[in-house]
Amino acid sequence: MESLGDTLWDVVICGTGLQQSLLALALSRSDKKILHLDPNDFYGGAEAAFSLQDAESWAARVATGTGGLFRSASIVRPEDATGSTSRAYSLALAPKLIHARSALLSQLVSSRAYRQVEFLAVGSFHIFKPSQDPVQPSSLARIPSTREEVFSTSAVSTKAKRLLMKFLKFVLNYESSPQLDLWQQHADAPLTQLLQQEFKVDSELQAYIVTLTLSLDGKITTRDGLAVIRRHLSSMGVYGPGFAALYPKWGGLSEIAQVSCRAGAVGGAVYMLGTGIKAMEKVGEETELQLTSGDKVKTRLLVQADDNPSGQTETGISRLVAVIASPLTSQFEASVEGAPRPAVTITAFPAGSLSTTSGKASEYPVYLSAHSSDTGECPLGQSVLYLTTLSIPDAKDILQQALNAFRGVSGDDQALQVLYQLQYEQLSGSKTIQTDGSTITLPTPSLSLSLEDSILGPVHEAWEKVMGDAAVEAEYMAFSDREGVMDDDDVYDE
Amino acid sequence: MADSGNAPKPSSSVKLVLLGEAAVGKSSLVLRFVNNDFQENKEPTIGAAFLTQKCNLPTRTIKFEIWDTAGQERFASLAPMYYRNAQAALVVYDLTKPTSLIKAKHWVAELQRQASPGIVISLVGNKLDLTNDGAGDGGGEEGAAEDSGDARKVTTEEAKTYAEDEGLLFFETSAKTGYNVTEVFTAIANSIPETSLKTARGPNASHAPSRTEEQRVNLNGPRDSGAKDSCAC
Ligand SMILES: Nc1nc2c(ncn2[C@@H]2O[C@H](COP(=O)(O)OP(=O)(O)OP(=O)(O)O)[C@@H](O)[C@H]2O)c(=O)[nH]1
Ligand SMILES: [Mg+2]
């Protein structure tokens, strides 16, 4: 058997985050010699999913300052949960939703990797309405995002319904001519400006619309906002009635990363966990890598991800992952007849709807993604809540307030009991792919709450580099089922 | 494994992973189960292989999604990726090679430590045809590999006792003759609790409300059929 050092690798991929893993999938039929490493002893990098024990060791490592993009991780665990209980959890570091119209889904289908992923429906988006006066308690309102929903909702006034309908209709064709004129002058201004000036939408309804974009600072530009809302609307009903987005069972993007690595392994890639790159040296056309395992390997190309934070704290997020002792049954009901039961719902707390312990109003929105046990992320009878806000000094406090507020309005008394909490910060970094000779550095994982197609471009670019002259565009991520894989009930016809 | 062609029975997928030392016959067992075939000089698996096969039980159909991993040490990092969320594991040793049982015990311990709680594990001693017990079982192939004797190095007793202590299913098989191969998979199919087929796995799985395919979103579903219209405003 050839040893690692005797092989001249075509590419060494370092890290098993989503982008590196998708690259492994893209190269899985290429006959290239691929060595896929990860300095972590788990798969998924910034998109990993953890059992409680995994989360514990991860948090401990982040606390020592070697967590790369992650900091300030802490765990509150009133109850001892180890051994097999620990493994009944799969807490996602990247609980992103994937819109039905996402290019990632098309690539998972054409590459056949989707067969190993179990997709669940993401249900309604809600907005938190704080109590205005003592007689009217706080509540959750469902955001209507289809014509039917706008008609039937009692959450907004008749006038607001008319405005909302007009806006939704506008968005569906916003890139064609009469619509174009209306928004282009506002393109780089916040979406709220367009809503206010051109659609005369009041601030309450603005919050509804901005929530659909899941914008972390609530200040998404008109250009980006319209694109995201359009994607949301056109994703509605694509894979069944009543939902626009999907979530992979067993920890979200972690599952996609692992399925991709498995495809890489089936294609012959060699995998090494717990092994990073200690030093590298250019030797002629090749790069010699010294691995932390002590091995020395030679490769033509190295693909890694940038996990150095850019240093701008305002682009970081603060996250609270809470396991609660309630199935939150009322949250996970199908919204329309014939729709699959959703496993994930979203609740937004608009800026100003919460206040810190010292009474300061929240500056940015908080998004809460509630996951039922159907996601495989917690045992039956429990739910996992992922709360996210921009990382500012008050963020931790605000997330706790949001959690409390949600427990107050979620319509389930038992929701009061929090079994487990994990808190951390995640920083952002470079947004572009960088090529330096034979080293390709993929962008830092994005912090967005829904998967953006923009993460796919750099993967494609890296694939082109690795393939060189052998790159055939039409073959990118387009594979047939491997021999021995049955094509049964779910035949995909192209 | 032939389909009976009766009225459709409920069908569920079961993710199964094969683990074990190199050359014990993991891929050969899968080849026997899936294609009813055997190759005298099967090349070592690189990375992993993925295959599927249906198993018809009286009351339901199980579709096995089989991950056959490479046994060579350099692929050891792969295993966690495959046993994660697996409902069943086949840990294979070669009953003519005692070290392979030691390796199998390591895998069992790792599964018990790291895999889904409630995973069904079957310990399989393969290459029974190379022993005296193998004679006569597979029809016609007896003694083919060893002229006179018995190459067995791991007694049935030893492996069986270990399997019982650890709560594992246990079989001795021959991928070469086909002896007991289907039985291994059928036993696994039968051991997977009905509830865990339909529900999220976990400590409380038995209290599950019935969860059916209604939840899983099929990406081959009504794609493009009126997608835009349903949200037309
Ligand atoms: N006599 C005999 N030989 C077998 C049996 N099963 C497998 N073999 C042989 O043993 C060798 C190894 O079999 P494989 O199925 O490739 O073993 P493996 O466990 O998949 O090996 P790796 O992929 O390297 O982990 C091959 O030459 C097979 O023909 C069996 O039941 N009896
Ligand atoms: Mg093999």
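The values are calculated or read from the model by the stated rules, or taken from the named source; none is laboratory data. Since we're looking at a predicted model, the values are computed, not measured. Cβ sites come from the backbone with ideal geometry, for glycine too, and all protein chains shown count toward neighbours. Only protein heavy atoms, including side chains, enter the accessible area calculation; ligands, DNA and RNA are left aside. Shrake-Rupley method; radii C 1.70, N 1.55, O 1.52, S 1.80 Å.
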So which trypsin sites (Lys or Arg not before Pro) in the range A:122-222 pass both tests, a DSSP loop state and at most 11 other Cβ atoms within 10 Å of the Cβ? A:K200
Using 0.36 nm times the number of residues separating B:K160 and B:Q72, minus their current alpha carbon distance, what extension gain do you get? 29.1 nm
Alpha-carbon centroid distance for the pair the range B:35-114 / the range A:415-462, whole angstrom: 33
Cβ-derived FRET efficiency at R0 22 Å, A:S106 paired with A:E475, nearest 0.05: 0.90
Over the range A:146-235, with every protein chain in place, what whole percent of the accessible area is carbon and sulfur at 1.4 Å, could you tell me? 49
Counting DSSP beta bridges in chain A, what percent are antiparallel, to the nearest 5? 75
Between A:V76 and A:Q417, 0.36 nm times their residue separation minus their Cα-Cα distance comes to what? 121.5 nm
Using the Cβ atoms and a cut-off under 10 Å, what net charge is assigned to the surroundings of A:A49, where Lys and Arg are +1 and Asp and Glu are -1? -3
At 1.4 Å probe size, what's the solvent-accessible area of A:I317? Round to the nearest 10 Å². 0
Pair-distance profile P(r), taking every C-alpha pair of the range B:5-86, with 5 angstrom steps and integer %: 3, 14, 23, 22, 16, 11, 6, 4, 1, 0
Report, to the nearest whole %, how much of the accessible area of the range A:317-406 belongs to carbon and sulfur atoms, 1.4 Å probe, protein only. 50
Dipole magnitude of the range A:372-454 about its Cα centre (Cβ charges: Lys, Arg +1; Asp, Glu -1), debye to nearest 20: 140
Express in % the proportion of alpha carbon pairs of the protein assembly as shown at distances exceeding 48 Å. 19
Using a 1.4 angstrom probe and counting only protein chains, how large is the accessible area of B:I121 in Å², to 10? 10
Greater than 19 Å separation of Cα atoms is the criterion. Which listed pairs, A:K129/A:K200; A:K32/B:K15; A:K159/A:K200, meet it? A:K129/A:K200; A:K32/B:K15
Top to bottom by accessible area (1.4 Å), largest first, where do A:S428, A:S57 land? A:S57, A:S428
Within the range A:102-119, the residues whose backbone N lies under 15 Å from a label point placed 7 Å from the Cα of A:R482 along the Cα-to-Cβ direction are A:111-117
At a Cα cut-off below 26 Å, give the lysines reachable from A:K33, other chains included and same-chain residues fewer than 8 away excluded. A:K278, A:K282, A:K296, A:K298, A:K465, B:K26, B:K42
Evaluate the relative contact order of chain A (contact order divided by residue number), counting alpha-carbon pairs under 8 angstrom at least 6 apart; express in whole percent. 25
Under 11 Å from the 7 Å Cα→Cβ point of A:D202, by amide nitrogen: which residues of the range A:124-165? A:156-161
Just to be sure I understand the model, the point goes 7 Å from the Cα along the line to the Cβ. What's the resulting B:E194 to A:K219 distance in nm? 5.9
Check: C-alpha center the range A:376-394 vs C-alpha center the range A:96-139, spacing in Å is 14
Kindly report, to the nearest 10 Å², the accessible surface of A:K465 as traced by a 1.4 Å probe over protein heavy atoms only. 90
As an exercise, identify the GluC sites (Glu not before Pro) in the range A:238-289 lying in DSSP coil whose Cβ has no more than 13 other Cβ atoms within 10 Å. A:E285
